[in-house]
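Notes follow once the structure below has been shown.
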């Protein structure tokens, strides 16, 4: 205890002692006075002299008592003043630390709380029910504490035992599934085998896509290289309940055992192949929009008006295809009865308006003579100067004022003085690739169409990165351009059509392009197989709807030479030999065969009972085509370049009267 505190306590004790002495003195005086009064009362009747003396004596005594009382009062006032003075001195001299204040406050609080408890106890003192309730509450709290302690001990023991039992478990824990396929208690290898078997079954069926009643097509997931990451997913399944945290592991083990845990594997697919598949649908679907187009025919610019129609909602269709594949469950694919159908989503689309300013910008060229350089090698093709004979504004006014399907405008053509053909083999010394097909030279109309289209392509030079368009190069197939009627495919039958046979030229060029290892940017297969190339190696074209395009992806310019003579249509691609030249092989693989049907048609012009086969049928096919690239005999890449479906060609038999027609 500090000196200041000792001093203060000493003064307080002194003050208390003074107050006590004063009180004792006062009490003695009062008692003395009471005794005197008692003696006075007991004396009784005495003479007046004695009474007078006694009264005088009492009066004197009373005066003395008053003087004493006044003295006591003065002493009390002096004591109070002294106490006050002592307190003021203590406040000035005594320094109390914050810790002493806190302790004092805490002590005061405890004292107050104790006093309140004592008051409560005093209030309820003598009430047995209160004491009994206090005893019951104490027992209840003790019981609850014991129960909780036991439960905690049991939980710790159970958790430890549970963890120890599962510590050496080398299999996937109970309750785990991969894409709803139960892999509980299986080893990683067994789980992979089980899931792979189920996924193979899931990905086998085709998806059937249709538009109305007139268009149908199917797709296998493998055509777009749809795959699941099974190995990675099984590894993740194995890691469930194998965290470093034992508490978390126990929680996971229990939760998975009672509730279950399903893991959906990640999937991948080739978006380019899916885009190509949907693009083919967009070109084939009935009523598809036809955008404005143009081509140059001699000294004429021919512009064709667009036709409003529909287009496939590409984004929506692709999402529906992927969702349909992912939604499959192996347990539902038991036999061939499983079938998924998608109604091809389409949206209305207006054809663009003809923009003559844009067309004029695309066709305008300054004349340029062809030449080449050797160090470094570079070739400059000849360019004919091309321009409208009237302004683009005048041409636009003509189109806006007239409502025609086709417009013709005169061109001013300025010929180059020297062409690439004049450069000869010096500019293109290296044969990059060649490919040929056979045709029936006796079919003069069809042969004419082949020669016309090939002549449009012959001599074409493409600079590095430049794109070739078959339709733009060949132009629209018209009678005015010299095209003839020949056999074409239409609505499941072989019929005559203007320009029939030109797809043989596009298909022959397609193969030469593939063998040159050039980049194909647009290509579509026929609806039916052809006789001049194998399935998977054809390229069909329909003016304004289906085109064949490719880019010169080599480092130097290339030149295309085309010949159609003596039953052989041939394309050769020339260029400059590069540091690495690759060998390319095209490998079509038939993945499915689709049987054909037979149709009978009554023909009154035939003799009774006579039958004539007007069209021979053949099956359809599903074909996946690979491009294998080799260098010095070693395969460096092998990729899928197309997945094609060819419909079966129906056999059509005409029957004369009297012959029953079988049910179709």
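Some notes on this structure:
- Antiparallel DSSP beta bridges within the range 169-353, as percent of all bridges there, nearest 5: 70
- The label point for residue 204 and the one for residue 264, both projected 7 Å from the Cα toward the Cβ, are 2.5 nm apart.
- Over the range 241-394, the hull volume per residue, using the convex hull of the C-alpha atoms, is 320 Å³.
- Prolate/oblate/rounded label for the range 356-425 (Cα gyration tensor, a/c 1.5): prolate
- Full extension of the chain between residue 334 and residue 614 yields a length gain of 96.6 nm, computed as 0.36 nm times the residue separation minus the alpha carbon distance.
- Virtual paramagnetic centre 7 Å along Cα→Cβ of residue 394, amide N under 16 Å, in the range 341-375: 356-357, 360
- Both numbers refer to the Cα atoms of the range 428-581; Rg and Dmax are 15.1, 49 Å.
- Cβ-derived FRET efficiency at R0 60 Å, residue 254 paired with residue 341, nearest 0.05: 0.90
- Rounded to the nearest 0.05, the FRET efficiency derived from the C-beta distance between residue 180 and residue 430 at R0 = 56 Å is 0.45.
- From the alpha carbon centroid of the range 291-326 to that of the range 454-488 is 20 Å.
- For the range 196-219 versus the range 561-595, the spacing of their alpha-carbon centroids is 32 Å.
- The range 325-383: C-alpha gyration tensor shape, a/c 1.5 cut-off, then a/b vs b/c: oblate
Laboratory data are not the source of any read-out in this text; all were calculated from the coordinates shown. Computed from a predicted structure; not experimentally measured. FYI the Cβ positions are ideal-geometry reconstructions off the backbone, even for glycines, and counts take in every protein chain you see.
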